[in-house]
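Report on the structure given below.
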There are 2 protein chains.
Amino acid sequence: MTRDAYVVGSGIIEFGELYEKSFDDMLEEAYLNLLDGVDGGVAPSDIDAAWYGTIDIAGEGSSGAALAHATGLFETPITRVENACATGSDAFRNASLAVQSGAADVALVIGAEKMLDDTAGLIGSAALERLWRGRGVTMPAYFGMRATRHMDQYGTTREQIAEVSVKNHANGVKYPYAHQQFECSVEDVRESPTVSYPLNLYDCCPVTDGACAVLLASEDRAREFTDDPIRHAGWGLSADSFQRGDDLALTNFPATRQASSQAYERAGIGAGDVDVAEVHDCFSITELITYEDLGLCADGEGGRFVEEGHPHLDGDTPVNPSGGLLSKGHPIGATGVAQLAEIFEQLRGEAGDVQVDAPEVGLQHNIGIGRNATGAVSCVNVLARD
Amino acid sequence: MTRDAYVVGSGIIEFGELYEKSFDDMLEEAYLNLLDGVDGGVAPSDIDAAWYGTIDIAGEGSSGAALAHATGLFETPITRVENACATGSDAFRNASLAVQSGAADVALVIGAEKMLDDTAGLIGSAALERLWRGRGVTMPAYFGMRATRHMDQYGTTREQIAEVSVKNHANGVKYPYAHQQFECSVEDVRESPTVSYPLNLYDCCPVTDGACAVLLASEDRAREFTDDPIRHAGWGLSADSFQRGDDLALTNFPATRQASSQAYERAGIGAGDVDVAEVHDCFSITELITYEDLGLCADGEGGRFVEEGHPHLDGDTPVNPSGGLLSKGHPIGATGVAQLAEIFEQLRGEAGDVQVDAPEVGLQHNIGIGRNATGAVSCVNVLARD
């Protein structure tokens, strides 16, 4: 009934504090980098439709017209998608469904966020406002509570949590587009300023501007653009409620579990088949929990998993070779798209200094908490070499 | 390659000033009305995925997690779509593509907006901010300029423009979910307070809260839900720039022209095949211009078209039998979904006092201007009896 969609190119801009660039500048640069980056070339007229992910922190572009303006893709169907921190990955999913449906042969996905122009104060103020209004539960506080609960319930240590930051910063210094490029030790993480116990500054991703684009094509068109297309093998998308107070919901993310099990089923794989992953490390503890939620290790074993080096660049299941959100940054609409671009490069063997050993299957994961939400949303995509 | 998607049910709430209802209340009520309204019944577990349209004026639900919370559809993939005033119709389009792709057999579309809780002042302040900052070009001013230009270029009269409001209010008093239910004459429209010359109060849609849901199913599943499914026959989506200063862009909407020609091509029809239409009459002049852009009459003939009664309930091409945005109201995320629900009912012969004569093909249209956009976006969907 359906047909497969393939990633055939990507374009990213250097993430950072991009005060000198407008929102349109960032969209345009990612788009032009994509056009330049497709092996066999791509013209704007090849693009049948586009999906555009942003949570529009800066109030610069809430509809498809904004992307049309920045790229000149007038008369091209453009949908804007928002889904909290899973915005970019869900934009990708919708584009892929359009290619699978036959409605588009070639689809553009682009995500962007200007986090540092948060004139409305959305990042700091709104997290979990609805559920815990007035109780001071900002994002770091919320993830800090998950950390203390995980430590209490499973004996996870502060050092194990810090190991995630150490690993990702070690990777990020080798990744050319990362925002915060420095190496740090467990001691450095522990000595960085406290943000919300037990999380310190180096346990938190920076506030970063960025944009990234990828191009999808149908299986019959993909080889026009590259000899090495990468198949979108599966996806999952799920939400969860923080008002379900079971143990798993306090120490883990049921939304990630549901989304990843959907994605594994669609891709016809299990967690053990994942050769490389880009996951949502908005905080160090988030990645540690995500090892468990994705089934890369058993429940409660996330601390030991990172301590033993499994998710390291030379480990058996490298996680966040790009440096993750902790080093690269987290421009929300761009984040998922940039993770997919990295998995695309990894599977093609083009990931430069952070290339892992001959991966065949790659996973991309986001977990997000919407403004005023009472729950989390997770999106997982699986890419695979044919 | 692909398969068709069918509308199999709808649920709407009474539009109005719904201060007594929360945003979640409105979503829940539309969802429950949908569940009740499907002929053969539908259970939440039948729903494979959902698309949720809102521009989130009230800051209540910017991600899929918000709809999950209101409906209990946790673990169901939910994408939030925003595309200015085409938000609801583009959410529908994305849901349909998922059904066409095989990724979902049954998909929920729901749109909602709480316009009267616009705490951020988005409606009034942001329109066209980017292009004409500080020059006072609010929405009524922008559409007023289109009206004066149309009058100047084509000899359209003030009375002809008012006829649109007269027609739509005559329809709206017969449509049970409309917000502003009163009849008015051309004289009443002309004597209502000036908003932005030549547009008076009765030339403008009211500020309205509302929500609406429709259910889509694949062709092989549709008859589980109803004996009378309605096919999604075609769609178009396009953007345009206000910085292209050609004549057509000043008197008409190139985005509507492009979107409707895409939709006609996909549906294999021409404008002459449209038996009934729900179009975007945010202002009376918008509907008049849209007659021309959709090809229901020639360029410059919109005034005469309405004066001669063609788009009236008993005319040869009834437009806005529901009373349109002018009478029903314009809760942005809900607007397109409610138009589709009305076309669905019309094609099934279930439109009650506003039923037109045995339509086979129905068209739904939105034109929107995004916050801070420099152009318009238009979405057109065609529904058809098989």
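Things worth noting here:
- The set of residues in region A:221-265 being modelled with pLDDT under 95 and among the acidic types (Asp, Glu) consists of A:240, A:246, A:247.
- The number of residues in region B:285-327 being part of a helix (DSSP H, G or I) and open to solvent by less than 40 Å² (accessible area, probe 1.4 Å) comes to 17.
- Selection over region B:264-284 of residues that are surrounded by fewer than 20 Cβ atoms within 10 Å (Cβ to Cβ) and either in a helix (DSSP H, G or I) or not assigned by TED's automatic domain parsing to the domain that holds residue B:334 (or both) gives a count of 5.
- Among the residues here, residue B:2 qualifies as closer than 25 Å to residue A:91 by Cβ, polar (S, T, N, Q) and open to solvent by 20 Å² or more (accessible area, probe 1.4 Å).
- Residues of region A:328-340 satisfying the condition of being part of a helix (DSSP H, G or I) and either open to solvent by 10 Å² or more (accessible area, probe 1.4 Å) or basic (Lys, Arg) (or both): A:328, A:332
- Region A:357-373, subset of a type outside the set (D, E, K, R) and open to solvent by 10 Å² or more (accessible area, probe 1.4 Å), residue nearest to the other protein chains (Cβ to nearest Cβ): A:372
- Look at region B:8-36: where a residue is farther than 14 Å from residue B:338 by Cβ and a partner is of a type in the set (Gly, Ala, Ser) and assigned to a loop (DSSP other than H, G, I, E, B), sitting 6+ places away or on another chain with Cβ atoms under 7 Å, you get B:23/B:58; B:23/B:61.
- Verdict on residue A:27 being assigned to a helix (DSSP H, G or I) and either more than 14 Å from chain B (Cβ to nearest Cβ) or surrounded by fewer than 20 Cβ atoms within 10 Å (Cβ to Cβ) (or both): no
- Test: residue in region A:49-56 that is assigned to a loop (DSSP other than H, G, I, E, B) and open to solvent by 10 Å² or more (accessible area, probe 1.4 Å): yes
- Total residues in region A:79-122, condition within 10 Å of chain B (Cβ to nearest Cβ) and open to solvent by 10 Å² or more (accessible area, probe 1.4 Å): 6
- Sole residue being more than 22 Å from the chain's Cα centre (by Cα) and modelled with pLDDT of 95 or more, chosen from B:45, B:89: B:45
- Exactly one residue out of A:76, A:119, A:138 is polar (S, T, N, Q) and at pLDDT 90 or above, and it is A:76.
- Neighbours by Cβ (under 6 Å, 6+ apart or cross-chain): first from region A:179-190, closer than 11 Å to residue A:163 by Cα; second open to solvent by 60 Å² or more (accessible area, probe 1.4 Å): A:184/A:202; A:186/A:159; A:189/A:202
- For region B:57-78, the set of residues classified as of a type outside the set (Asp, Glu), open to solvent by 10 Å² or more (accessible area, probe 1.4 Å), without any contact (Cβ under 8 Å) to a residue 60 or more places away in the chain and within 7 Å of chain A (Cβ to nearest Cβ) consists of B:69, B:74, listed by residue number.
- Failed item, numbered, when residue A:57 is tested on (1) farther than 26 Å from residue A:102 by Cβ; (2) at pLDDT 90 or above: (2)
- Unique residue being farther than 22 Å from residue A:344 by Cα, more than 11 Å from chain B (Cβ to nearest Cβ), open to solvent by 20 Å² or more (accessible area, probe 1.4 Å) and hydroxyl-bearing (Ser, Thr, Tyr) when the list is A:45, A:22: A:45
The values are calculated or read from the model by the stated rules, or taken from the named source; none is laboratory data. Owing to the predicted nature of the structure, the values given are computational and were not obtained by experimental measurement. All Cβ positions, even for glycine, are placed from backbone atoms using ideal geometry, and neighbour counts span all protein chains on display. When the accessible area is computed, the model is the full protein with side chains, heavy atoms only, and any ligands, DNA or RNA have been set aside. Shrake-Rupley method; radii C 1.70, N 1.55, O 1.52, S 1.80 Å.
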